[in-house]
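The structure under discussion appears below in the form of structure tokens.
The values are calculated or read from the model by the stated rules, or taken from the named source; none is laboratory data. As the structure is a prediction and not an experimental result, all values here were calculated from the model. In this analysis, Cβ positions are derived from the backbone assuming ideal geometry, glycine residues included, and neighbour counts consider all displayed protein chains.
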Amino acid sequence: MQVTPLHPHIGAEITDIDLARELDEDTFAGILAAFNRYSVLAFPDQPIDDDQQVRFSARFGKLEKTSFAVGANNPYIYQLSNIDDAGKVLPPDSSKRNFLLVNARWHTDSSFREIPALASILSARLIPAKEGGNTEFASMRVGYQTLPQDRRDQLKGLIGIHHYAYSVGLFGETGVTQKELDALPPASHPLVRTHPGSGEPSLYVSGHIRMIEGLPEKEGRELAEELVSWCTREEFVYRHVWRPNEIVMWDNRCALHRVAHVPLTERRIMHRTTVAGDGPVS
Ligand code: OGA
Ligand code: MN
């Protein structure tokens, strides 16, 4: 297995490995160490099916079950697809496209859960033929490290309130049901957390933050947005250009991500598994 960094601050590519096969303990330990260090791992040329993806993902921990029927392919796989059953690109005003747009704002997956996600594993099943649909990543550990000390002191003890109903609500009709939203009440997490994989401090902000405990709603949200902007300054962003059959996994505890514009004529299908966190954020 070969590990090659992709960007000065985040991401590495892993080659000479076959994720469709059962990985031995040493190989898995190597992947886990790279994951904890680089936050984003790209595995080119991995044509796997859903069962193989679920098996690989489950090596990292218990999997989250899908919450939103609009995007679910099976209980453990989100199918992020912009085409209909006949293979035609969905129109711009379709609820499924609106659902996908939630991923176009900087966020970290499942931050709206009591126990947020540890990792997401995304497999490119069909990528735009011409252009678009890159996925962008930024490190919240580097975001924290580069904050001036007085700013860090101000953030001490502050709690973000993450609420899926807020972030999905920005996009109109998405196909997410009221029952699904009712099952996801607001979740409170500190704005600064310790990354369990490295022991390092990290910001923990997300497009799912609706407000900050103890601050007026608008002021709190502006603070969260300012911290997201800080982490995602141009030179800190790694832009991943997908290749067919590629798998990319990221660390939701310390990395932000978003999908870049997908042209309306381009077809794109990605399958995602999600590894659940192992406890509340500390
Ligand atoms: C996700 C996500 C980005 C993409 O699957 O959680 O944000 O590029 N996806 O599809
Ligand atoms: Mn996401």
V70, sole failed condition from (1) among the β-branched types (V, I, T); (2) within 16 Å of ligand 2 (Cβ to nearest atom); (3) buried (at least 19 other Cβ atoms within 10 Å of the Cβ): (3)
Limited to the stretch 96-113, what total is found for residues that are more than 23 Å from F35 (Cα to Cα) and away from ligand 1 (no atom under 12 Å from the Cβ)? 3
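Out of all the residues in the stretch 200-207, is one or more within 21 Å of L147 (Cβ to Cβ), surrounded by 13 or more Cβ atoms within 10 Å (Cβ to Cβ), of a type in the set (D, E, K, R) and within 16 Å of ligand 2 (Cβ to nearest atom)?
So in the stretch 200-207, the residues within 21 Å of L147 (Cβ to Cβ) come out as 200-207.
Those still in the list that are surrounded by 13 or more Cβ atoms within 10 Å (Cβ to Cβ) too: 200-207.
Checking which are of a type in the set (D, E, K, R) leaves us with 200.
From what is left, the residues that are within 16 Å of ligand 2 (Cβ to nearest atom) are none.
There is no residue in the stretch 200-207 that is within 21 Å of L147 (Cβ to Cβ), surrounded by 13 or more Cβ atoms within 10 Å (Cβ to Cβ), of a type in the set (D, E, K, R) and within 16 Å of ligand 2 (Cβ to nearest atom).
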Would a scan of the stretch 49-56 turn up a residue that is touching a residue at least 24 places away in the same chain (Cβ under 8 Å), under 29 Å from P190 (Cα atoms) and under 18 Å from the mean Cα position of the chain (by Cα)? no
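State yes or no: is R37 farther than 20 Å from R272 by Cβ and outside any helix (DSSP H, G or I)? First the steps, then the outcome.
Numbers: farther than 20 Å from R272 by Cβ: yes; outside any helix (DSSP H, G or I): no.
Here the answer is no, as R37 does not meet what is asked.
Please tell me if T265 is of a type in the set (S, T, Y) and either surrounded by 19 or more Cβ atoms within 10 Å (Cβ to Cβ) or in contact with a Cys (Cβ under 8 Å, 6 or more places away or on another chain) (or both). If you could, list the steps in order and put the result at the bottom.
Details: of a type in the set (S, T, Y): yes; either surrounded by 19 or more Cβ atoms within 10 Å (Cβ to Cβ) or in contact with a Cys (Cβ under 8 Å, 6 or more places away or on another chain) (or both): no.
Against the criterion (of a type in the set (S, T, Y) and either surrounded by 19 or more Cβ atoms within 10 Å (Cβ to Cβ) or in contact with a Cys (Cβ under 8 Å, 6 or more places away or on another chain) (or both)), T265 does not qualify.
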Considering the stretch 114-141 alone, what residues qualify as being surrounded by 21 or more Cβ atoms within 10 Å (Cβ to Cβ) and either modelled with pLDDT under 95 or away from ligand 1 (no atom under 12 Å from the Cβ) (or both)? P116, L118, A138, S139, M140, R141
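This table checks each residue for (1) more than 13 Å from ligand 2 (Cβ to nearest atom); (2) among the aromatic types (F, W, Y); (3) assigned to a loop (DSSP other than H, G, I, E, B); (4) under 16 Å from the mean Cα position of the chain (by Cα).
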{"site": "L227", "(1), (2), (3), (4)": "yes, no, no, no"}
{"site": "E235", "(1), (2), (3), (4)": "yes, no, no, no"}
{"site": "W242", "(1), (2), (3), (4)": "yes, yes, yes, yes"}
{"site": "V248", "(1), (2), (3), (4)": "no, no, no, yes"}
{"site": "V262", "(1), (2), (3), (4)": "yes, no, yes, no"}
{"site": "E266", "(1), (2), (3), (4)": "yes, no, yes, no"}
{"site": "G279", "(1), (2), (3), (4)": "yes, no, yes, no"}
{"site": "S282", "(1), (2), (3), (4)": "yes, no, yes, no"}
Residue count, the stretch 248-261, condition within 12 Å of ligand 1 (Cβ to nearest atom) and crowded, with 22+ Cβ neighbours inside 10 Å, comes to 7
Do we find a residue being within 16 Å of ligand 2 (Cβ to nearest atom), in contact with a Gly (Cβ under 7 Å, 6 or more places away or on another chain) and basic (K, R) anywhere in the stretch 105-128? yes
Before we move on, is Y78 within 16 Å of ligand 2 (Cβ to nearest atom), part of a strand (DSSP E or B) and modelled with pLDDT of 95 or more? yes
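With respect to G207, is the statement that it is free of Cβ contacts under 8 Å to residues at least 12 places away in the same chain, within 28 Å of D278 (Cβ to Cβ) and not β-branched (V, I, T) true? Walk me through it before giving the result.
Details: free of Cβ contacts under 8 Å to residues at least 12 places away in the same chain: no; within 28 Å of D278 (Cβ to Cβ): yes; not β-branched (V, I, T): yes.
Taking the combined requirement at face value, the residue does not satisfy it.
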Lone unmet requirement of (1) buried (at least 19 other Cβ atoms within 10 Å of the Cβ); (2) part of a loop (DSSP other than H, G, I, E, B); (3) not small (G, A, S) for R272: (2)
Among residues of the stretch 86-102 being surrounded by fewer than 18 Cβ atoms within 10 Å (Cβ to Cβ) and closer than 16 Å to A260 by Cα, the residue modelled with the lowest pLDDT is P92
T273 vs (1) touching a Phe, Trp or Tyr at 6+ places or on another chain (Cβ under 9 Å); (2) more than 24 Å from T66 (Cα to Cα): all pass except (2)
